[in-house]
Amino acid sequence: FDEASLQKAAALFRDLGRYTPAEGILFQDDLYLNDFEDVSAPARAAYQKAYGKDLGTLSRTDPKAMRQWTELKTRQLDHVADVCLSSFRESRPEGLAMRDIYAEAVTNPASQEWFAQSYPDYLTRYDYTVVMAYPYMDKEKHPDEALRKTAKAIQKAGGEKRTIVKVQTYDWAKEKWLSDKEVRAELN
């Protein structure tokens, strides 16, 4: 929500477009806000301007207020991506735009509150949506079922041609690479 920070980020993307051979941008998984973020002064001011209320009074037991806050954060993150991508495309107008999204945001639209990410929105905004399908990181009891669920949700949303699925090859909890068998199972 901080305009000065956004302008600095835009300048970096402008330089990336001008001075590197990059053919596109992938906004990684750091471009999200969880359900407890952001209570900075600029975020509070944006909430006050949008809804006429102090963000400090937001209650998790008020579904309407939480939905408004989630939608405001989602729009702001989209705005950040738009500004940065526009800056990149000043010198690379054909540059591809991709953005990571958590698998949970694809399979469970209600999780938008947790991540401020919307799969249907991504499908209309970016050339490709990159789904982070990491069943081991998400502690799924049945990784293969979790991946099938993600694939079905992608199909249901009509995203097959504009979605890339990143599968997990390293188990961060166990600090080891997945076996060839586990990776092959993820790809099936």
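The values are calculated or read from the model by the stated rules, or taken from the named source; none is laboratory data. Note that this is a predicted model, so its numbers are computed, not measured. No Cβ is skipped: glycine too gets one built from the backbone with ideal geometry, and neighbour counts run over all protein chains shown. Each accessible area value is taken on the protein alone, full model and side chains, heavy atoms only, with ligands, DNA and RNA left out. Shrake-Rupley method; radii C 1.70, N 1.55, O 1.52, S 1.80 Å.
Could you state the orientation-averaged shadow area of the convex hull built on the Cα atoms of the stretch 124-188, in nm² to one decimal?
If you wrap the Cα atoms of the stretch 124-188 in a convex hull and average its projections, you get 4.7 nm².
Determine, from the Cβ-Cβ distance of Val39 and Glu90 and an R0 of 35 Å, the FRET efficiency 1/(1 + (r/R0)^6), rounded to the nearest 0.05.
Taking R0 as 35 Å, the efficiency between Val39 and Glu90 is 0.60.
Quote the relative contact order of the stretch 71-179 in percent (integer), defining contacts as alpha-carbon pairs under 8 Å separated by 6+ residues.
Working: 119 pairs, mean separation 26.0, N = 109.
Over the stretch 71-179, the number comes to 24 percent.
List the trypsin sites (Lys or Arg not before Pro) within the stretch 102-188 that DSSP assigns to loop and that have no more than 12 neighbouring Cβ atoms inside 10 Å. Walk me through the numbers on the way to the answer.
Values: sites: Arg125, Lys139, Lys141, Arg148, Lys149, Lys152, Lys156, Lys161, Arg162, Lys166, Lys174, Lys176, Lys181, Arg184; in loops: Lys139, Lys141, Lys174.
Within the stretch 102-188, the qualifying trypsin sites (Lys or Arg not before Pro) (loop, at most 12 other Cβ atoms within 10 Å) are Lys139, Lys141, Lys174.
Taking the stretch 47-127, which GluC sites (Glu not before Pro) meet the DSSP loop condition and have no more than 11 other C-beta atoms within 10 Å?
Values: sites: Glu71, Glu90, Glu94, Glu104, Glu113; in loops: Glu90, Glu94.
Filter output for the stretch 47-127: Glu94.
Quick one: check the C-alpha center-to-center distance for the stretch 102-127 versus the stretch 27-60, whole angstrom.
When both Cα centres are located, 18 Å separates them.
How about the stretch 1-85: which chymotrypsin sites (Phe, Trp or Tyr not before Pro) there are in a DSSP loop, with at most 16 other Cβ atoms within 10 Å of their Cβ?
Values: sites: Phe1, Phe13, Tyr19, Phe27, Tyr32, Phe36, Tyr47, Tyr51, Trp69; in loops: Phe1, Tyr32, Phe36.
Taking the stretch 1-85 and a limit of 16 other Cβ atoms within 10 Å, the loop chymotrypsin sites (Phe, Trp or Tyr not before Pro) found are Phe36.
Let me know the shape class of the stretch 16-90, please: from the alpha-carbon gyration tensor, a ≥ b ≥ c as square roots of the eigenvalues, rounded when a/c is under 1.5, otherwise prolate if a/b is greater than b/c, or oblate.
On the way: a/c = 3.36, a/b = 2.56, b/c = 1.31.
Prolate shape, in that a/c is at least 1.5 and a/b is the bigger ratio.
Give the relative contact order (percent, whole number) for the chain; include only Cα pairs under 8 Å separated by 6+ residues. Could the numbers behind the result be given before it?
Numbers: 233 pairs, mean separation 41.2, N = 188.
Answer for the chain is 22 percent.
Just to confirm my numbers, what's the Cα centroid distance between the stretch 165-181 and the stretch 1-23 in Å?
Here the answer is 32 Å between Cα centres.
With every protein chain left in place, what is the accessible area per residue of the stretch 114-168 in square angstrom, probe 1.4 Å? If you can, show how the numbers build up before the last one.
Details: 3170 Å² over 55 residues.
Per-residue value: 58 Å².
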